[in-house]
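These notes concern the structure reproduced below.
Every number here is computed from the coordinates shown, using simple stated rules; none is lab data. Here the structure is a predicted model, which means the values were calculated and not measured. Backbone-built Cβ (ideal geometry, glycine too); neighbour counts: all protein chains shown.
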Amino acid sequence: MKVLLVSANTHKEPYPVYPLGLDYVAGSICEAHEVRIADMNEPGGVESLVGKIREFSPDVIGLSLRNIDNTDVENPMGFMGPYRELTRIIRGHSDGLLVLGGSAFTIHPGPFMNELKADYGILGEGERLSLLLDAIQNREDAAEIPGVVLPGLLKPLPGAWENGFPRDFRKERFHVEFYLKRGGMLNLQTKRGCGYSCIYCTYPSIEGRTRRFVSPESVVETALRLQAAGARYFFITDSVFNSDFEHNIAVAEAFRKAGVSVPWGGYFMPIDAPPDYFRLMAEAGLTHVEFGTESLCDTVLASYRKPFKANEVFSAHQGAVDAGLHVAHFFLLGGPGESGSTLDETLKGAERLTNSALFFFCGMRIYPNTKLFDLAVEEGQISETADLLEPVFYRPPHIDPGEILRRVKSRGKGRINWVTGTGGRRIANTMERMYQRGHSGPLWEHLIR
C-alpha cells in the first residue's frame, strides 16, 4: 500500500522540532509498503501537502499529533482548531484511510477520534501502524490489535513495543532541509520507556514504563548518518538521558571512539552521578545539559514524586558547570504542595545556580492517566469525565497561580537568564534570526551571564 505520514506540528516556540517519530514509523513499514513523509513545517505548508496527496494518491494517511497545547499558563494555546482544519483539508483531497497517532493522540484518543473523524488510531508507539496495515491488507479485524482504536471502540494503553525500532532517516526527504537550515538540529534516541512516577508526566503512557535500549553501536551509526547529512547539533530525546548510567556512558564512549563530532544535548535528571560523569560526557561531545529540576524545595519534590532532593540538584549542577558544559534548569511551579514559602525557597535557591539559564513554568498542566489528574478530580478541580483538550492547570490550594507568576517575574527582573515559560515569540523570533546568521543548537547558552 501507499502510505503518507504527516507531521502536523507547526509549533516553533522556542524552535522547530524535527519529527523523529515519523522516521521510526517509516522504518517499521518501509520494507512492505511505499512510504512518503509530509511535514507541515515544510515551505508551502498546506499547498505542499495537497500537492503530495494529489501526486501520490495514498491508500493510508497517518497523521502524527505531537502536542495538545503549548503548556504555557501565561499564554495558553490549544491546537485542536488547527488539527481540525488540517484533517478537513486532508479529507477534501483524499479518499485514503485516516489514521491518527502521536503523543497528543495517545493522551486524548477519544476526543481526537470524535473531533477529527478518523478511521483508526494508534495508541503509544507508532510502530503498531505496521500491524494495522497488515490487517487492512489481509482484510482482518483490526479491532483485535492491541493499541489500535476505531470510532466508538477505545482500548486501554498497550504494553511497550518489543519488536525493535529501526529508524528510516533519509537526507533527500524534503522536510529534512527545513531543520538543517534552522539551527541544524536533528534528533537521536538511545532508549525508550520511563519507569519514574512523576505525578504530572505522560511519558509512561506514551512510551510505556519498560526501558528498552538502542545499542551504542546503533546510536553511533545513526549519529554518523545525521552528521553526514549536515546536522550541526543532536538533541537526544530520551525522557531522561541519565536514567541508566551504564548505558549512556557506553553511548558516550561509542561516540568518542567513532569520531562523532557534532555537539549534543539532552534532558538530564539532577541526581548523584558516578565520578567524572559530566567530564566523560563532555569528552564525547556533550555541550548542553537540560536539568528537569522542577523545584528546590524538598517538600514539593516529594509531592511531585521526584526521585531526588534539592541538595542533589546543586551537586549535579556544579558537576556539569565544572565540566565546562552549558547548563539550564527547568522549573515546574504551582503543583501540589506549592505555597508561598515553598516558592520562596525555590526562588532563593535558584539564585545559587550560577552560570546557567533558568526556565520557570508557572503552572502544572493536567493530563489524563496521571496522578495529577486523579488528585485534581479528588479535590474537585475537574470532573472525572473532563476531556481537557484545552489547557487546564492545577490550582494549588495555598497560593494563587497569578501570584506565582508575579513573584517569579519580580525576582527575575533585570536577569536575562531568568525566563518564564519558553520566552514566547520574543525568544523564538530572536532564535530564528540567529539561525539565519548560521548559529546552531538550542542557543539558550547566550542567556547565561
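Things worth noting here:
- More than 19 angstrom apart: percent of Cα pairs within the stretch 392-449: 45 percent
- Two-decimal log10 I(q)/I(0) for the stretch 182-447, as the Debye equation yields it once each C-alpha is a single scatterer, q = 0.09 Å⁻¹: -0.43
- Cα-based equivalent ellipsoid, the chain: semi-axes from gyration tensor eigenvalues, Å: 34, 27, 21
- Based on every Cα atom in the stretch 84-124, Rg and the maximum pairwise Cα distance Dmax equal 9.9, 28 Å.
- Cα-based reach from K171 at 12 Å (exclusive), listing aspartates and glutamates while leaving out same-chain residues under 8 positions away: D23
- Distance violations [Cα-Cα > 30 Å] among K2/K117; K117/K191; K181/K309; K155/K191; K181/K257; K371/K413: K117/K191; K181/K309; K371/K413
- Across the stretch 234-344, counting alpha-carbon atoms alone, Rg and Dmax equal 14.9, 50 Å.
- Residue order, fewest to most surrounding Cβ atoms within 10 angstrom, among K371, K181: K181, K371
- Burial ordering of L133, L296, fewest other beta-carbon atoms within 10 Å first: L133, L296
- The chain: calculated mean residue ellipticity at 222 nm from DSSP helix runs of at least 4, using -39500 (n - 2.57): -11000 deg cm²/dmol
- Relative contact order %, the chain, counting alpha carbon pairs below 8 Å whose residues are six or more apart: 15 percent
- Calculation over all alpha carbon pairs of the stretch 1-58 in 5 angstrom steps from 0 returns a P(r) of 4, 18, 26, 22, 18, 8, 2, 0 percent.
- Helix 216-229 axis, angle to the chain major axis (alpha carbon atoms, nearest 10°): 80 degrees
- Exposure proxy ranking, count of Cβ atoms within 10 Å, fewest first, for S243, S383, S218, S64: S383, S218, S243, S64
- On the principal axes of its alpha-carbon atoms, the stretch 38-119 has extents of 42, 29, 17 Å, going from largest to smallest.
- Cysteines without a disulfide-compatible partner [the chain; Cβ-Cβ under 4.7 Å]: C30, C194, C297, C362
- The mean sequence separation of alpha-carbon pairs under 8 Å and at least six residues apart, normalised by the residue count of the stretch 182-447, gives a relative contact order of 19 percent.
- Nearest 10 degrees, 0 to 90: helix 80-93 Cα axis against the chain principal axis: 20 degrees
- Highest mean first, the peptides 229-235, 90-96 sorted by other C-beta atoms within 10 Å per residue fall in the order 229-235, 90-96.
- Across every direction, the projection of the convex hull enclosing the Cα atoms of the stretch 298-449 has a mean area of 10.5 nm².
- With Cα atoms, 0 to 90° folded angle of helix 340-350 axis to the chain main axis: 90 degrees
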